[in-house]
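Single-structure report; data block below.
The values are calculated or read from the model by the stated rules, or taken from the named source; none is laboratory data. The structure presented is a predicted model; accordingly, all values stated were derived computationally and were not measured. Cβ coordinates were reconstructed from backbone atoms using ideal geometry, including for glycine residues, and neighbour counts include every protein chain displayed. Note: accessible area is taken over every heavy atom of the protein model, side chains too, but ligands, DNA and RNA are not part of it. Shrake-Rupley method; radii C 1.70, N 1.55, O 1.52, S 1.80 Å.
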Amino acid sequence: MTEHHTSSLPERVGVVGGGRMGAGIAHAFVVSGAPVVVIESTADAAEAARQRVVGSVEKAAARGVLDGTVADALSCLEVSVEHADLAGCSLVVEAVPEDPELKREVLNRVASVAPSAVLATNTSSLSIDAMADVLERPESFLGLHFFNPVPASELVEIVIGAKTRDDLVTEAQGWVEALGKTAVTVRDVPGFASSRLGVAIALEAMRMVEQGVASAEDIDLAMTLGYKHPMGPLRTTDVVGLDVRLAIAEHLHRELGSRFEPPQILRDHVAAGRVGRKSGHGFYDWS
């Protein structure tokens, strides 16, 4: 089991957005002993966020990977619909959907209620610097890109903006270590390191399905057995969501050119509502 160094964790953490990613980020901090407040837009959404965190902490206990008790971990959790409850947080991570305008709006709002907090975005591909533009303290802002599913994932990508201060990067590396995870540090470029490579492989795999080179299953097997990927690129796409992958591919296509052009098969699947595991169908049948 991982030994956690609570001394290098933030004193109090805010997470804005309690969906799958936000709840996972909250899980990572509460099981490490850091107090967390999750902010959602409605009472129903807040209750759903609480249930996600409770469920994942209970699962961790059942798997024998939880230090301490479920009750101890959950005693660190608070959920709220009031942004004002972020006051007193030393770190606030926004985990709302991948919409640049929405993210900027959320960050602005957080900065007004927690003016001294470090702000972080969990974006997987959007520009840190474009978001930092709206902030009075861009030097206290960076990307903390957690991976899905957060409780089981060992990686956090720290994304450094043009104005992010150096000592904050060192501090963030300490937080990631205290969560029992490993940090990679990248500059703010489109897709960072992980999304850019992951999407490039996935798009090529989709083109191969489109061209009848091999089945989705066999392409994935080639990567899991041949390259020791834990999951093939097409199954991963189904888990992430084809709609999410399409949005990232379109962004990278705009920023980096034709090698990231989304294949027609991806557009067709999304248009038909076959967006992966959450809809029951994608490149695989999940029903």
Expected single match for open to solvent by 20 Å² or more (accessible area, probe 1.4 Å), more than 26 Å from T236 (Cβ to Cβ) and not β-branched (V, I, T) among D218, D133 is D133
Qualifying residue in the range 31-46 (condition: open to solvent by 40 Å² or more (accessible area, probe 1.4 Å) and in contact with a strand residue (DSSP E or B) (Cβ under 9 Å, 6 or more places away or on another chain)) = yes
Tally, over the range 195-212, of residues that are within 16 Å of S127 (Cα to Cα) and open to solvent by less than 30 Å² (accessible area, probe 1.4 Å) | 1
Within the range 226-282, how many residues are aromatic (F, W, Y) and open to solvent by 80 Å² or more (accessible area, probe 1.4 Å)?
-> 1
For T69, state whether it is at pLDDT below 95 and either open to solvent by less than 20 Å² (accessible area, probe 1.4 Å) or over 23 Å from L91 (Cβ atoms) (or both).
-> yes
Residue that is most open to solvent (accessible area, probe 1.4 Å) [pool: residues in the range 137-156 that are part of a strand (DSSP E or B) and within 22 Å of V31 (Cβ to Cβ)] = L155
What are the residues in the range 66-86 that are among the polar types (S, T, N, Q) and within 11 Å of V37 (Cβ to Cβ), if any?
-> S80
Only one of V159, V184, V176 is open to solvent by 10 Å² or more (accessible area, probe 1.4 Å) and closer than 23 Å to L119 by Cβ; which?
-> V184
Given the range 194-287, what helices (runs of 4 or more DSSP H) lie entirely inside it while holding 1 or more residues that are touching a Phe, Trp or Tyr at 6+ places or on another chain (Cβ under 6 Å)?
-> 216-226, 233-240, 242-256
